[in-house]
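Quick one: the structure is below, and I'll ask about it shortly.
The values are calculated or read from the model by the stated rules, or taken from the named source; none is laboratory data. If you're wondering where the values come from, they're calculated on a predicted model, not measured in any experiment. Glycine also receives a Cβ, built like all others from the backbone with ideal geometry; neighbour counts cover every protein chain displayed. Note: accessible area is taken over every heavy atom of the protein model, side chains too, but ligands, DNA and RNA are not part of it. Shrake-Rupley method; radii C 1.70, N 1.55, O 1.52, S 1.80 Å.
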Amino acid sequence: EAQLVESGGGLVQPGGSLRLSCAASGFTFEDYAIAWYRQAPGKEREGVSCFSSSDEKQYYADSVKGRFSISRDNSKNSVYLQMNRLSPEDTAVYYCAAGDFCLLRAPDEFDYWGQGTQVTVSS
């Protein structure tokens, strides 16, 4: 059974940082691109970042470029999202997802999804 489990979310003040983790099991993790998505109430799902499998390329949404950093450790079947200089606009449920390619505009193409972790940025 394929499974992705996010952790590391919580409440932080504007300008603060959080590090999200995504632990995978039940599939060949190293063969999949792993992406982070987020969804805020009343808004559509947004692709945040992705780390490809074969060439280790990294992709970022313009809204987070320069502030967020994605990494992966295949030996631990884990992906991380370091989030710096957070603002209230970053408040959302963050999901990790596994798929064949880093195609952030097409979330339906991702095969496996976690349950999400809440990130709240507020004073």
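In the range 1-43, which GluC sites (Glu not before Pro) fall in coil by DSSP and have 16 or fewer other Cβ atoms within 10 Å? Don't skip to the answer; put the middle values down first.
Working: sites: Glu1, Glu6, Glu30; in loops: Glu1.
In loop regions of the range 1-43 (DSSP not H, G, I, E or B), the sparsely surrounded GluC sites (Glu not before Pro) are Glu1.
Report ³J(HN,Hα) in whole Hz for each residue of the range 34-49, in order, from the Karplus equation J = 6.51 cos²θ - 1.76 cosθ + 1.60 where θ = phi - 60°; Gly and Pro get x.
Each residue of the range 34-49 in turn: 10, 10, 10, 10, 9, 9, 9, x, x, 10, 7, 5, 10, x, 9, 7 Hz.
Report the relative contact order of the chain, percent, no decimals, based on alpha-carbon pairs under 8 angstrom and at least 6 residues apart.
Working: 306 pairs, mean separation 44.9, N = 123.
Averaging sequence separation for qualifying contacts and normalising by length gives 36 percent for the chain.
Keeping all protein chains in place and using 1.4 angstrom, which order do Asp73, Asp90, Asp62 fall into by accessible surface area, from largest down? Present the calculation step by step, with values, prior to reporting the outcome.
Details: Asp73 45, Asp90 0, Asp62 130 Å².
These residues rank, largest area first, as Asp62, Asp73, Asp90.
Taking θ as phi - 60°, what are the ³J(HN,Hα) couplings along the range 108-123 by the Karplus curve (6.51, -1.76, 1.60), each to the nearest whole Hz, with x for Gly and Pro?
5, 7, 7, 7, 10, 9, x, 8, x, 9, 7, 10, 10, 10, 7, 7
To make sure I understand the rule: partners must be lysines, Cα under 24 Å from the Cα of Lys76, and not fewer than 8 residues away in the same chain. Which ones qualify?
The reachable lysines, counting only those whose Cα sits under 24 Å from Lys76, are Lys57.
Quick one: which residues, 5 or more positions from Phe27 or on another chain, have an amide H under 5 Å from its amide H? H modelled 1.01 Å from N in the peptide plane, none for Pro or chain starts.
Those qualifying (amide H under 5 Å, at least 5 residues apart or on another chain) are Gln3.
Moving on. I want the local charge near Leu20. Using Cβ-Cβ distances under 14 Å, sum +1 for each Lys or Arg and -1 for each Asp or Glu among the other residues. Display every interim value, and only then the final one.
On the way: positive: Arg19, Arg38, Arg67, Arg72; negative: Glu6, Asp73, Asp90.
That works out to +1.
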